[in-house]
1. Of the conditions (1) loosely packed, with under 14 Cβ neighbours inside 10 Å; (2) touching a residue at least 24 places away in the same chain (Cβ under 8 Å); (3) closer than 27 Å to Ile154 by Cα, Gly113 clears all except one; give me its number.
2. Could you please let me know if His35 is exposed (fewer than 15 other Cβ atoms within 10 Å of the Cβ) and in the same structural domain as Leu127 (by TED's automatic domain parsing)?
3. Any residue at all in the range 101-108 that's farther than 29 Å from Ala137 by Cβ and among the basic types (Lys, Arg)?
4. Can you pull out every residue in the range 18-70 that is without any contact (Cβ under 8 Å) to a residue 12 or more places away in the chain, in contact with a helix residue (DSSP H, G or I) (Cβ under 7 Å, 6 or more places away or on another chain) and either part of a helix (DSSP H, G or I) or closer than 24 Å to Tyr94 by Cβ (or both)?
5. Going through the range 5-25 one residue at a time, which ones are aliphatic (A, V, I, L, M), surrounded by 12 or more Cβ atoms within 10 Å (Cβ to Cβ) and more than 13 Å from Tyr126 (Cβ to Cβ)?
6. So which of Asn75, Asn106, Asn81 ends up being closer than 25 Å to Arg152 by Cα and polar (S, T, N, Q)?
7. For the structure I just gave you, tell me whether Thr90 is touching a strand residue (DSSP E or B) at 6+ places or on another chain (Cβ under 7 Å) and in the same structural domain as Ala52 (by TED's automatic domain parsing).
8. Taking the range 52-71, which residues are surrounded by 13 or more Cβ atoms within 10 Å (Cβ to Cβ), farther than 14 Å from Leu21 by Cα and under 23 Å from the mean Cα position of the chain (by Cα)?
Amino acid sequence: MNALNPVSAIENNCISARTKLCYSSTNFAFILWLHQHHRHVLHPAIVDQIDAVITNDPRVQLKRLCKIIIDDWLNKMERTNPELCPVDMTQVTYDLVASYMTSKTNNENKYFGRGTYVGVRSSIVYLFTMSNHPPPAGFRDRMATLMKGFKRTIVEHRVAAGETLEEGKDAMSFSCLKLLCKKFFEGDKDEYHFAHLFLTLGVESYGKVGQYCASSFE
């Protein structure tokens, strides 16, 4: 493959490597769903590749699918070469995406947290970007309405089930912070010393907590 020209290289670098990894993981699931329900939307080559893999030993199936979908397709997309996108985004409609998103539930048939669906929306919009094809008219407005609906529906379901409405990671407890600082301070590796410094600087604005990190082990 020829080297990208400067403009193409800059366009392909529109998101961080970490975000790209998240999008690839999310779009991996989207592509498998399309393969099962809307095969015609996928590039014919990737359909054949997936078909060949899913007939093999299921113990190695996931690894091979990741190699095909993520390494051989998603990670090689170029905005100036739409044919490298594994999905024909000209056929991706709001109704198709909404159908996929509402199908994503856990083992108890409950919706995940709103952040999951925000991530799905962003990753699919990224496919539009890399395929150099804009979302269909009204897609973004209808998607915004869908996300508001997800938020209210998830809250209602959790309230009815008596579950917490909080999402994401819990804040680090003070006892956990003390233990980490102690372990890092007592460690003899350079990375331990750096980690202790990082914790100290990170919580310095929290008054007594920062003072504890800075002075407890002197």
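1. Answer for Gly113: the failing condition is (1).
2. No; evaluated as a whole, the condition is false for this residue.
3. no
4. Residues satisfying the conditions are Arg39, Gln61, Arg64.
5. The one that is aliphatic (A, V, I, L, M), surrounded by 12 or more Cβ atoms within 10 Å (Cβ to Cβ) and more than 13 Å from Tyr126 (Cβ to Cβ): Ala9.
6. Asn106
7. no
8. Gln61, Arg64, Leu65, Ile68, listed by residue number.
The values are calculated or read from the model by the stated rules, or taken from the named source; none is laboratory data. Predicted model, so just to flag it, every value in this text is computed and none were measured. Positions of Cβ are backbone-derived with ideal geometry, glycine not excepted, and every protein chain shown enters the neighbour counts.
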